[in-house]
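Working notes, structure below.
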Amino acid sequence: MTFFSSFFLEPPAKRVKIAEHENNGSKYYSDIGFTDEIDEKAFGTKWNVIKGIKHNDPKIVELNVTNDEGSKFDDQAEIRLGWYIKNSIHLQKVSFSGCQYISDENMARLFGGSGSVDWSENKSIHHVNFHNCSFGVSSVKKMLPFLKSLSNIEYLIMNRNQIGSEGFELVVQATSERQLKQLAFNDCGIENISPLKDCHFPQLELFNICNNKIGDGEVECISNHLLSTSTKLQYLHLQNCGIGDQGARSIINALASNKSLQKIFFAKNDISTSAVALLSKALVTNHVLELIDMSQCCEGCNACVGVYQCLQRMLDVNTRLRGNQVVAEWTKKEMYRFYHCDSIDDSQSFRNACPECPVCFSTELHSHALDPCGHINCSDCVSKLQQTEHPECPSCRKPFRGSLKLHLGNIIFSSCVMY
């Protein structure tokens with residue numbers, strides 16, 4: 001055991017100045033080894049949790065600091081908290097979500113290796129949340145020693161911090177080759193995500209880059225990730241990213257061979273009907289996707305009609321390919337969400353695209369898919385069929401167990417969306 005580690009585990013009765021550290025021209029002193037009585041006053045209502053972290057209590061695995069709590073910590077308390085986090089062997093989750101008090105100086109004291117803190121490898125922390133802290137790229141530079149030390153990090157949330165493209169590059173480079181499962185940069189002022197090309201996230205399941213104007217030119221690296229046979233990406237958030245037809249085609253073409261992606265969110269991008277039409281080809285060979293959100297993307301109701309017709313062809317193809325599994329594996333998971341405007345229910349063109357009930361020959365925006373065959377009937381006929389002693393599908397004569405309502409107006413093939 002080193003001098004510093006033994007000193008830390010058995011703090012003396014009074015504070016001792018360990019080192020004087022100069023950071024960007026400012027000197028501040030790293031004082032550790034404070035008694036619990038002093039720390040209790042410094043950390044206030046958060047002391048019970050921080051005390052467990054300080055003394056490596058195996059029951060304390062999570063630290064959630066609110067804006068109100070963290071803003072009351074003085075400079076020395078922040079430095080000591082950094083020490084306690086760094087030396088914990090049980091702490092798994094660290095969250096400063098909503099802590100808008102965090103400045104460059106706060107970040108340096110907490111996570112920048114200031115004073116005598118050496119951010120060597122930390123194997124316990126796997127979840128880090130800096131959602132909506134409003135810091136910029138300079139704070140990212142301060143936290144890099146902390147991020148680089150997390151050998152087992154799995155979840156990193158950076159949403160709503162104006163870190164820009166430079167900050168994005170620093171973060172992905174610092175965490176590349178780690179076991180990250182979720183990486184989120186919602187609304188971070190990012191325009192360039194090309195550094196992803198040189199990074200590798202073998203376990204990544206969720207990537208959120210929504211509300212960043214990355215445009216078509218930056219989508220290729222995401223498409224390449226989807227094309228990789230080793231990718232494990234399941235959820236992709238690209239809402240409001242300034243993506244047009246070129247970027248959409250790149251992603252959609254990659255979907256044809258992708259075997260992992262379950263949900264993709266394309267909402268609020270400028271995508272035309274012609275690009276959407278490519279879905280029918282991509283989804284013929286893709287049996288994994290559960291949901292595609294293209295809300296507020298298309299050029300009016302005619303585009304939505306085109307989307308629906310693509311889905312109808314896809315559903316027919318996959319019913320033939322996979323028989324009774326189509327409803328169980330696709331429809332029951334509330335697969336597709338495509339809506340555009342509030343007036344779509346009144347669109348005659350959309351009604352004309354809706355399926356015709358094989359019993360009464362009516363077209364209805366609120367049809368039902370029978371389980372397990374997947375054939376579509378109107379709600380009235382399904383209700384009557386379910387009242388019979390042995391309900392069977394009027395199209396294939398197979399028994400059915402129930403049905404799933406398909407709202408074919410504002411929301412198609414879905415009544416809810418995750419995230």
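Before moving on, here are some points about what is shown:
- Unmet criterion (only one of (1) open to solvent by 20 Å² or more (accessible area, probe 1.4 Å); (2) closer than 29 Å to Trp83 by Cα) for Ser228: (2)
- Selection status of Lys41, open to solvent by 40 Å² or more (accessible area, probe 1.4 Å) and either in a loop (DSSP other than H, G, I, E, B) or at pLDDT below 50 (or both): no
- Any chance Leu261 is open to solvent by less than 10 Å² (accessible area, probe 1.4 Å), over 17 Å from Val219 (Cα atoms) and either under 16 Å from the mean Cα position of the chain (by Cα) or at pLDDT below 75 (or both): no
- Subset of the range 196-234 [under 16 Å from Ser250 (Cα atoms) and among the small types (Gly, Ala, Ser)]: Gly215, Gly217, Ser223, Ser228
- Test set (1) closer than 19 Å to Phe96 by Cα; (2) open to solvent by 60 Å² or more (accessible area, probe 1.4 Å) - Glu177 fails condition number: (1)
The values are calculated or read from the model by the stated rules, or taken from the named source; none is laboratory data. Just so you know, these numbers come straight off a predicted model, no measurement behind them. Just so you know, the surface numbers come from the protein's heavy atoms only, side chains and all, with ligands and any DNA or RNA stripped out. Shrake-Rupley method; radii C 1.70, N 1.55, O 1.52, S 1.80 Å.
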